[in-house]
Each structure stands twice: as C-alpha cells, then as structure tokens.
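Here the structure is laid out as structure tokens; the discussion comes afterwards.
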Amino acid sequence: LDHQVKVRGFRIELGEVEAQLLAQPGVREAVVVAQEGPSGARLVGYVCGHEGQAQLEAASLREQLGAALPEYMVPGAIVVLQALPLNANGKVDRKALPEPAYAAGRDYEAPQGEVEQAL
C-alpha cells in the first residue's frame, strides 16, 4: 500500500519521514502516521530507542528532523515508546498506537494586552 498522505495541502510520503527518524542516533524503530484532530490532519511520530541507552528526547528529535526535512514534513508530536504495538502477523498495529499529548510540556499563558485578548 502507498503510505502517502495529504496534510495541510502537502503530499507527504510517510516512509521518508520514518527513514529520517531511523537515521537519528539512538532510534531503533520508527512509525509515522497522520492522525485527524480538531484542526485537521497532523503527523505523529512514534519511536523506540535501543535498549540500555539513554531515553530519547522528543524535542531534540523534532529539532534534528527540522534540519533534514521541510517544516511541513516534521511531525507535530513525537511519542517515545518502549515497544511498538504489533498485531498477530508481527506488523505494527497502527490503530493501537496511543494518542499523543500535544499540549504536554507547554504551560498555559494567559493573553497579555488588549490585542492578544481580542485574538
């Protein structure tokens, strides 16, 4: 099957993004999916690190991908897992992947000034 998706008007080959994730140091497995959200489709990356190595940092992976890929191809969220869920055939079960916490690590900041409050 073709794993090409359309996100915000751009055609994206998920395999290209997965290949860039796999090229990052410490990444053992990677899967990228397009998930529908309230604001439209969004790319989400799921990665597993090598055993015995330091925990992968989602923010640093996004930064490294930003240097290698156009901005529209960088996943909006990267979820670090111990292992990818597999189906009975041993393939990645994309429907069993957990929902990302998009707001994780971001504190709420109240609008400041009249302009921000109006927006």
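Summary table below
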{"read-out": "Summed side-chain charge close to Ala30 - residues other than Ala30 whose Cβ falls under 12 Å, Lys, Arg +1, Asp, Glu -1", "value": "-2"}
{"read-out": "Helical contribution to [θ] at 222 nm, DSSP H n ≥ 4, -39,500 (n - 2.57), averaged over the chain, rounded to 500", "value": "-6000 deg cm²/dmol"}
{"read-out": "Order by protection proxy (mean Cβ within 10 Å, highest first), peptides 67-73, 45-51, 82-88, 22-28", "value": "45-51, 22-28, 67-73, 82-88"}
{"read-out": "Only Lys, Arg (+1) and Asp, Glu (-1) charged, at Cβ; the chain dipole about Cα centre in debye", "value": "400 debye"}
{"read-out": "Correct choice for Rg and Dmax of the Cα atoms in Å that was computed from the model, options (1) 15.6, 65; (2) 16.1, 57; (3) 23.3, 84", "value": "(2)"}
{"read-out": "Sequence of Arg8, Arg62 when ordered by accessible area, the most exposed leading, probe 1.4 angstrom", "value": "Arg8, Arg62"}
{"read-out": "Using alpha-carbon coordinates, inclination of helix 58-68 to the longest axis of the chain, degrees", "value": "90 degrees"}
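The values are calculated or read from the model by the stated rules, or taken from the named source; none is laboratory data. The structure presented is a predicted model; accordingly, all values stated were derived computationally and were not measured. In this analysis, Cβ positions are derived from the backbone assuming ideal geometry, glycine residues included, and neighbour counts consider all displayed protein chains. Keep in mind that these areas ignore ligands, DNA and RNA; they rest on the heavy atoms of the full protein, side chains included. Shrake-Rupley method; radii C 1.70, N 1.55, O 1.52, S 1.80 Å.
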